[in-house]
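Visitor: I have a structure here, written as structure tokens, and I will follow up with some questions on it.
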Amino acid sequence: MTSVIQYEKVRKIYNSGHDEVVALQEVSFSVGEGEFVTVVGRSGCGKTTLLKLTAGLLQPSGGAVQVAGAPVRGPLTNVGIVFQAPVLLAWRKAIDNVLLQVEARKLGVENYRKRALELLDLTGLKGFEERYPSELSGGMQQRVSISRALIHDPPLLLMDEPFGALDAITRDEMNIELLRIWNEAKKTVLFITHSIPEAVFLGDRVVVMTPRPGKVAEIVNIDLPRPRTTTLRDETKFIAYVRQIRKSLGVR
Amino acid sequence: MNEGAQGGTPFGGIKWSVLFFLCLLVLWQLVVPFLRVPSYLLPTPAQIVEEFGKRGGLLMSQFLPTFYETVLGFFLGVLVGVSAGLGIVYSRFLWLTIYPSLVVVGSIPRVAIAPLILIWLGIDSLWSKVTIAFLVSFFPMVINSIVGFSQVETEMLDLAKTMGMGRWMEFRKIRLPNSIPYLFAGFKASIALAVIGAVVAEFVAGQKGLGYLIVVGNNDLNAPLIFASIIVLSAMSLGLFGIIVGLEKLLMPWRRGIQPSEL
Ligand SMILES: Nc1ncnc2c1ncn2[C@@H]1O[C@H](COP(=O)(O)OP(=O)(O)OP(=O)(O)O)[C@@H](O)[C@H]1O
Ligand SMILES: [Mg+2]
């Protein structure tokens, strides 16, 4: 399996005036083509930093990040990104926020309108296409942002706690939906989450990070059959993985 | 910025404020003769209305110069303010040089230089007064456009980069629409200041305009004329302000659902 993302001893130090924050210290792992890799870790352990480094929105202080075999020097464009916050434009309706991706890439809005509606339907926003972000709940806004990350069918998806604002039921549904899209379109996914069960449920592998300075504590191979369904969560093997990761995060 | 509506339908309270205002007028009309206040100190509403009848033509002819000065000064202020804002946001050099000194410029009481401007540009020229209105009013436009063009979520700009947006598209699709609410806040502050600038210029120049008419009324102890001029001035301000608010509503449909208290 060729690797799409490769982290080699990646360090990131933030200089905020007088004091320095070591956000990441020596992170090394790789993500293979078509692989679904999840990252769990406590708040502030450098997960968002890792995602931004991957997208080329930040430069590492040491080590190297490679995507598709080339070192990342500037912002990547063949990706779909979902940030922790929805980051929508207040003056655009839901559908037009999704279509921003298409406009920016000059792909022709009319060619993609149908796909945008499909994605909004898929993410449970049918009937809300013409609403402004201020008229949507936080979770609904986040689903608009997910649709925006998918519409140009990118080979690589970078997702930063995309379902953090959703209720448990919608979250489970979205997990299944995401796995379906991933399986159909053969994407590579780097998925960051706070939730250990979510990380296990989605991932081929779970990267467990330790807090400050951020390091990889363990990488757990999730040997569970696909396609995965909600009942998987009750199986002993699933529960064992969750327990193992919880232990490795230092939760007593 | 507050439209004065406390919940419910906007302007739902307008009926009451009109009624209250009418009562005030009636009270004024009754109390002034009763207390024997001479009309050169405080005229009655009826005397003011009479003044409108007597000198309607004069008021109209003096309204026009003030209107032109205000509107031209305002537009000049918007043009210069927005351009300066753009320059400062997009040029690191201007950001480092001009931006800090703006604070100093902002603290100069700009009406104080009105006499100088009149000497430099000529007392009877329209443009000298336009310049004063401009100088008094442009400042909020600079500040508001800087804020509007630059206060965009970093992550939105990050996303724009990964979408392959160039600088021009980023401006058109993100920074410019983002600035609209800030620009409108600037317009509202600027138009009020432009009126003040124009009137002060006319006070000093003493040639024409409603500001000049107020000076005349003052010299002749003609309080009804002063009041009539102030009413015309206020109506002008209100009208201009109303146009801006109307445009704002038209251009920002995504804000219609937001109550004034949330702005
Ligand atoms: N721009 C910045 N300047 C300075 N320090 C920063 C910056 N961004 C993040 N940090 C610091 O780097 C560390 C890691 O931050 P990061 O946002 O990557 O954490 P995270 O794992 O995503 O946390 P969370 O789960 O809460 O989102 C934190 O200690 C944070 O204070
Ligand atoms: Mg984060």
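Visitor: Starting with the fewest neighbours, write out A:Arg205, A:Arg105 ranked by other beta-carbon atoms found within 10 Å of each beta-carbon.
Guide: So the residues, fewest neighbours to most, are A:Arg105, A:Arg205.
Visitor: Next question, about the same structure. Within 10 Å of each Cβ of B:152-159, how many other protein chain Cβ atoms are there on average?
Guide: Working: counts 1, 5, 2, 10, 6, 2, 9, 16.
Mean partner-chain Cβ count within 10 Å for B:152-159: 6.
Visitor: So what's the gap between the Cα centers of the range B:169-208 and the range A:165-227, to the nearest angstrom?
Guide: 52 Å
Visitor: Explain nothing, just compute: Karplus ³J(HN,Hα) = 6.51 cos²θ - 1.76 cosθ + 1.60, θ = phi - 60°, for every residue of the range B:232-249 in order, whole Hz, x for Gly and Pro.
Guide: Using θ = phi - 60°, the values come out as 4, 4, 5, 4, 4, 4, 4, x, 5, 4, x, 4, 5, 4, x, 4, 4, 4 Hz.
Visitor: Can you put B:Cys23, A:Cys45 in order, fewest other beta carbons within 10 Å first?
Guide: Details: B:Cys23 10, A:Cys45 23.
Final ranking by Cβ density, sparse to dense: B:Cys23, A:Cys45.
Visitor: Let me ask another. Only Lys, Arg, Asp and Glu count, each charged at its Cβ (+1, +1, -1, -1), so figure out the dipole size of the protein assembly as shown about its Cα centre, rounded to 20 debye.
Guide: Details: 50 positive and 41 negative charges, 119 e Å.
Computed charge dipole of the protein assembly as shown: roughly 560 debye.
Visitor: Let me ask something else about it. I want to check the label-to-label distance for B:Tyr68 and B:Trp16. Put each point 7 Å from Cα in the C-beta direction and report it in nm to one decimal.
Guide: Using points 7 Å along Cα→Cβ, the separation is 4.5 nm.
Visitor: Tell me the trypsin sites (Lys or Arg not before Pro) within the range A:30-87 that lie in a loop according to DSSP and have at most 12 other beta-carbon atoms within 10 Å. Could you put the intermediate results ahead of the total?
Guide: Details: sites: A:Arg42, A:Lys47, A:Lys52, A:Arg73; in loops: A:Arg42, A:Arg73.
In loop regions of the range A:30-87 (DSSP not H, G, I, E or B), the sparsely surrounded trypsin sites (Lys or Arg not before Pro) are A:Arg73.
Visitor: If exposed trypsin sites (Lys or Arg not before Pro) are those in a DSSP loop with at most 13 other Cβ within 10 Å, what is the longest stretch of chain B that has none? Write down the numbers at each step before the final one.
Guide: Details: sites that count: B:Arg36, B:Arg256.
Of all site-free stretches, the longest is B:37-255.
Visitor: Between A:Arg42 and A:Glu110, take the C-beta separation as r, use R0 = 60 Å, and let me know the FRET efficiency to the nearest 0.05. Spell out each step's value before the answer.
Guide: On the way: r = 45 Å, r/R0 = 0.76.
Between A:Arg42 and A:Glu110 the formula returns 0.85.
Visitor: If you take every DSSP beta bridge whose two residues both sit in the protein assembly as shown, what share of them, in percent to the nearest 5, is antiparallel?
Guide: Values: 23 of 42 bridges.
Given both bridge residues lie in the protein assembly as shown, the antiparallel proportion sits at roughly 55 percent.
Visitor: Separate question: Computed FRET efficiency, Cβ-Cβ of A:Ser134 and B:Arg36, R0 45 Å: what is it to the nearest 0.05? Show your work: numbers first, answer last.
Guide: Numbers: r = 58 Å, r/R0 = 1.29.
That pair, A:Ser134 with B:Arg36, gives E of 0.20.
Visitor: Quick one: what are the phi-derived ³J(HN,Hα) couplings along the range A:117-133, Karplus 6.51/-1.76/1.60 with θ = phi - 60°, whole Hz, x for glycine and proline?
Guide: 5, 4, 5, 5, 5, 4, 8, x, 10, 4, x, 10, 4, 9, 8, 7, x
Visitor: Separate question: Among the aspartates and glutamates, which have Cα under 20 Å from the Cα of A:Lys114 when same-chain residues fewer than 8 positions away are ignored?
Guide: A:Asp96, A:Glu103, A:Glu129, A:Glu130, A:Asp153, A:Glu177, A:Glu184
Visitor: Then there's this: Suppose each label sits 7 Å from its Cα in the direction of the beta carbon; what would the A:Arg73-A:Asp223 distance come out to in nanometres?
Guide: Each label point lies 7 Å from its Cα, and together they span 4.3 nm.
Visitor: Ranked by Cβ crowding within 10 angstrom, fewest neighbours first, how are B:Val245, A:Val207 ordered? Write out the running numbers ahead of the final one.
Guide: Numbers: B:Val245 15, A:Val207 24.
The most exposed by this proxy come first: B:Val245, A:Val207.
Visitor: Give me the aspartates and glutamates in straight-line cross-link reach of B:Lys15: C-alpha distance below 17 Å, same-chain residues under 8 apart excluded.
Guide: B:Glu3
Visitor: What does the charge count near B:Ile191 come to, summing +1 for each Lys or Arg and -1 for each Asp or Glu among other residues with Cβ under 14 Å from its Cβ? If you can, show how the numbers build up before the last one.
Guide: Working: positive: B:Lys188; negative: B:Glu69, B:Glu248.
Around B:Ile191, the charge tally is -1.
Visitor: Pull up all non-local amide H partners of A:Gly214: gap of 5 or more, or a different chain, and H-to-H distance under 5 Å with H placed in the peptide plane.
Guide: A:Leu24, A:Gln25
Visitor: Here's something else I'd like to know. May I ask for the distance between the Cα centers of the range A:34-98 and the range B:119-157, given as a whole number of Å?
Guide: Their Cα centres are 39 Å away from one another.
Visitor: A follow-up question, please. Between their Cα atoms, which of B:Lys208/B:Lys249; A:Lys126/B:Lys249; A:Lys93/A:Lys215; A:Lys12/A:Lys93; A:Lys52/A:Lys247; A:Lys126/A:Lys247 are more than 31 Å away from each other? Spell out each step's value before the answer.
Guide: Values: B:Lys208/B:Lys249 35 Å; A:Lys126/B:Lys249 28 Å; A:Lys93/A:Lys215 40 Å; A:Lys12/A:Lys93 37 Å; A:Lys52/A:Lys247 27 Å; A:Lys126/A:Lys247 41 Å.
Pairs exceeding the cut-off: B:Lys208/B:Lys249; A:Lys93/A:Lys215; A:Lys12/A:Lys93; A:Lys126/A:Lys247.
Visitor: Hey, with R₀ at 30 Å, roughly what FRET efficiency would A:Ala64 and A:Arg212 work out to, going by the Cβ-Cβ distance, to 0.05?
Guide: Numbers: r = 22 Å, r/R0 = 0.74.
Calculated value: 0.85.
Visitor: From the residues B:Phe21, B:Ile88, A:Trp182, which one has its Cα farthest along the dipole of the protein assembly as shown in the positive direction, the dipole being from +1 and -1 charges on Cβ of Lys/Arg and Asp/Glu about the Cα centre?
Guide: Of the candidates, A:Trp182 comes out farthest on the positive side.
FYI, it's all coordinate maths here, none of it is from the lab. None of the values given here were measured: they were computed from a predicted structure. Note that we place each Cβ from the backbone using ideal geometry, even for glycine, and neighbour counts take in every protein chain shown.
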